[in-house]
Amino acid sequence: MADEFQDVNRAQYLWLTLLSRTSGELFCVGDDSQSIYSWRGAKVGFLRNFPREFPAVKTFKLEENFRSTSNILDASNAVISFDPSRIEKTLFTRRGKGLPIEVLGFSYATEEAAAIVREIGRRAATGVACHDMAIIYRQNRLSRTLEEALLHARVPYEIIGDVGFYRRTAVKDALALLTLCAWPDERRSDEAFRRMANRPPRGLGARGLGKIEIEASAGGQSLCAAATRTRLSPRCAVALQGFVQILRQIGCREGESLGERLTGLLEATGYLDMLRADDSDEAATQRENLAELIELAQGFRRVEHLLEHAALAGGAPGEKGRDRVQLMTMHRSKGLEFRHVFLPAWEEAIFPGAMSRNPGEERRLAYVALTRAMEQATITFCDYRQGGSSRPSRFIDEIPLKNRISSWNHGRNEPRQSDGRWRQVDQELNALGL
Ligand SMILES: Nc1ncnc2c1ncn2[C@@H]1O[C@H](COP(=O)(O)OP(=O)(O)OP(=O)(O)O)[C@@H](O)[C@H]1O
């Protein structure tokens, strides 16, 4: 028996057919509309071609949905109906129409994030538990603005399957490079040096680093300053000299913005090339996060201000075990369900992604994301994001007008009581001018 059959890869498929050869029996459960892992080898064709491969197959369509209201299901059905290769099926529910999907536009991502967080606070005040609300986004980098809004408003949250933006490896590496570049001769950059001296590899091992540490202590210098005076293997010495030179040169470029300086550092030190040479999904995500940090850095004049911001915004998102809003990428949301789902950044070039190698899979992601919602789904988009103007995702247009509204569903189906603890959300966001 195989579950999630839409996401099997060739090896798994061969194993399954071999295992079932003796008995001639194979029971598979899957939904081809939810195949979202082609980038790691899944082939939806194995499910779609199953009746041809196994002509004696018996197919049972599970079309009754026990999770979502019919507004959500109709919207999901409409979006996936544009995939001509899907196995025909129409979901239905006995849960009633429910509330229409909210589709809301904003000017900027900060406004969008503040509006979502304000709404989360409002719903929490009417008795919805935080863990019943999820924010589900297409790109991992999109969590940053949302995290910051949640943190400012003191709404507890957790990121499923990931750490917060400022705790991600590439972001910590980039901030370490900026620290080194700003203070190469000060001991406050030592930790950054330990982190980045051999990243990408420059032939510096534990022994070499130990020698630099001794040299630095003896001369009362920073590790960065001591690195060029320490006797190391010729290859490592040359590589480290080059690294330190880049840091010093870029550190002197007064006319450049912080974003430009960071881009220069990531390019010249070979950090971006290291990520580009890695074709894994993880490396692509790290590059996206760096792009987000570069964009953020443009808004700061001094390195110390950016580092301060990162230290504050990188704080713990709330105590473990507390009732927390759930944040995750669309891929991570597979198999989960929430009473309320917020879907930000439904914009062309982000969703569907401009670089997407598989447009059909983007559509299936839209289907997965929408069908996570039990009671309410909220889609948002912005006019400006990631350094340019943007326009609403084509998937929004595909949702029938009868299943959506372009405002909040305020006032419909809501209990009257209000929990005053959540007034702080509005106050904190107002104080920030959001
Ligand atoms: N026969 C049933 N009666 C009532 N509720 C059901 C029944 N079957 C499933 N459910 C409920 O419907 C929801 C979805 O079920 P489940 O997660 O098993 O579906 P699924 O097909 O794996 O969904 P997906 O693949 O979209 O994540 C769950 O809340 C589950 O408790």
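The values are calculated or read from the model by the stated rules, or taken from the named source; none is laboratory data. None of the values given here were measured: they were computed from a predicted structure. For neighbour counting, all protein chains shown are included, and Cβ atoms are generated from backbone atoms with ideal geometry for every residue, glycine included.
Each residue in the stretch 48-62 was checked for being away from the ligand (no atom under 13 Å from the Cβ) and of a type in the set (A, V, I, L, M), and 2 of them qualify. On inspection, residue 98 fails the criterion of being touching a helix residue (DSSP H, G or I) at 6+ places or on another chain (Cβ under 9 Å), in a helix (DSSP H, G or I) and either over 25 Å from residue 360 (Cβ atoms) or at pLDDT 95 or above (or both).
Of all residues in the stretch 35-47, which are within 16 Å of the ligand (Cβ to nearest atom) and in a loop (DSSP other than H, G, I, E, B)? If the condition is that a residue be within 16 Å of the ligand (Cβ to nearest atom) and in a loop (DSSP other than H, G, I, E, B), then 35, 36, 37, 42, 44 are the ones that fit. Here is the figure for the stretch 63-83: residues that are closer than 18 Å to residue 96 by Cα and either outside any helix (DSSP H, G or I) or away from the ligand (no atom under 14 Å from the Cβ) (or both) total 12. Kindly list the number of the only condition in (1) within 20 Å of residue 140 (Cα to Cα); (2) at pLDDT below 95; (3) touching a Ser or Thr at 6+ places or on another chain (Cβ under 9 Å) that fails for residue 386. (3) is the only condition that residue 386 fails. Filtered by the rule that a residue be surrounded by fewer than 20 Cβ atoms within 10 Å (Cβ to Cβ) and touching a residue at least 60 places away in the same chain (Cβ under 8 Å), the stretch 159-172 gives 160, 161, 162, 167, 169.
Out of curiosity, is residue 419 loosely packed, with under 15 Cβ neighbours inside 10 Å and in contact with a helix residue (DSSP H, G or I) (Cβ under 6 Å, 6 or more places away or on another chain)? Criteria met by residue 419.
Do we find a residue being assigned to a helix (DSSP H, G or I) and either out of contact with any Pro (no Cβ under 6 Å at 6 or more places or on another chain) or within 16 Å of the ligand (Cβ to nearest atom) (or both) anywhere in the stretch 376-392? Looking for residues that are assigned to a helix (DSSP H, G or I) and either out of contact with any Pro (no Cβ under 6 Å at 6 or more places or on another chain) or within 16 Å of the ligand (Cβ to nearest atom) (or both), one finds none in the stretch 376-392, hence no. All of 292, 260, 282 fail the test of being acidic (Asp, Glu), surrounded by 14 or more Cβ atoms within 10 Å (Cβ to Cβ) and within 17 Å of residue 165 (Cα to Cα), apart from 292. The criterion of being hydrophobic (A, V, I, L, M, F, W, C) and more than 16 Å from residue 197 (Cβ to Cβ) does not hold for residue 223. Can we say residue 206 is under 30 Å from residue 236 (Cβ atoms), crowded, with 24+ Cβ neighbours inside 10 Å, of a type in the set (A, V, I, L, M, F, W, C) and without any contact (Cβ under 8 Å) to a residue 40 or more places away in the chain? Answer is no for this residue.
Looking across 154, 144, 188, one residue alone is touching a helix residue (DSSP H, G or I) at 6+ places or on another chain (Cβ under 8 Å), part of a helix (DSSP H, G or I) and surrounded by fewer than 19 Cβ atoms within 10 Å (Cβ to Cβ). It is 188.
Within the stretch 59-68, does at least one residue satisfy the condition of being among the hydroxyl-bearing types (Ser, Thr, Tyr), modelled with pLDDT of 95 or more and in contact with an Asp or Glu (Cβ under 9 Å, 6 or more places away or on another chain)? Yes, because at least one residue in the stretch 59-68 is among the hydroxyl-bearing types (Ser, Thr, Tyr), modelled with pLDDT of 95 or more and in contact with an Asp or Glu (Cβ under 9 Å, 6 or more places away or on another chain). Could you say whether any residue in the stretch 101-109 is touching a helix residue (DSSP H, G or I) at 6+ places or on another chain (Cβ under 6 Å) and within 16 Å of the ligand (Cβ to nearest atom)? Checked against the condition, which is being touching a helix residue (DSSP H, G or I) at 6+ places or on another chain (Cβ under 6 Å) and within 16 Å of the ligand (Cβ to nearest atom), the stretch 101-109 yields no hits at all.
So which residues in the stretch 3-25 are buried (at least 17 other Cβ atoms within 10 Å of the Cβ) and touching a residue at least 24 places away in the same chain (Cβ under 8 Å), if there are any at all? Hits for the stretch 3-25 are 4, 5, 6, 7, 8, 13.
The residues of the stretch 258-299 that are modelled with pLDDT of 90 or more and part of a loop (DSSP other than H, G, I, E, B), listed by number, are 269, 270, 277, 278, 298. Being surrounded by 13 or more Cβ atoms within 10 Å (Cβ to Cβ) and not aliphatic (A, V, I, L, M) is the filter here; which residues of the stretch 306-315 pass it? Those that are surrounded by 13 or more Cβ atoms within 10 Å (Cβ to Cβ) and not aliphatic (A, V, I, L, M): 309, 314. Taking the stretch 115-137 on its own, how many of its residues are within 14 Å of residue 325 (Cβ to Cβ) and either touching a strand residue (DSSP E or B) at 6+ places or on another chain (Cβ under 7 Å) or small (Gly, Ala, Ser) (or both)? So the count comes out to 16.
Among the residues of the stretch 11-34, those that are within 25 Å of residue 80 (Cβ to Cβ) and more than 16 Å from the ligand (Cβ to nearest atom) comprise 12, 13.
Counting only residues that are touching an Asp or Glu at 6+ places or on another chain (Cβ under 9 Å) and outside any loop (DSSP other than H, G, I, E, B), the stretch 215-232 holds 6 of them.
Selection of the stretch 351-373 for residues being away from the ligand (no atom under 16 Å from the Cβ), within 24 Å of residue 387 (Cβ to Cβ) and in contact with a Phe, Trp or Tyr (Cβ under 9 Å, 6 or more places away or on another chain) yields 351, 352, 357, 362.
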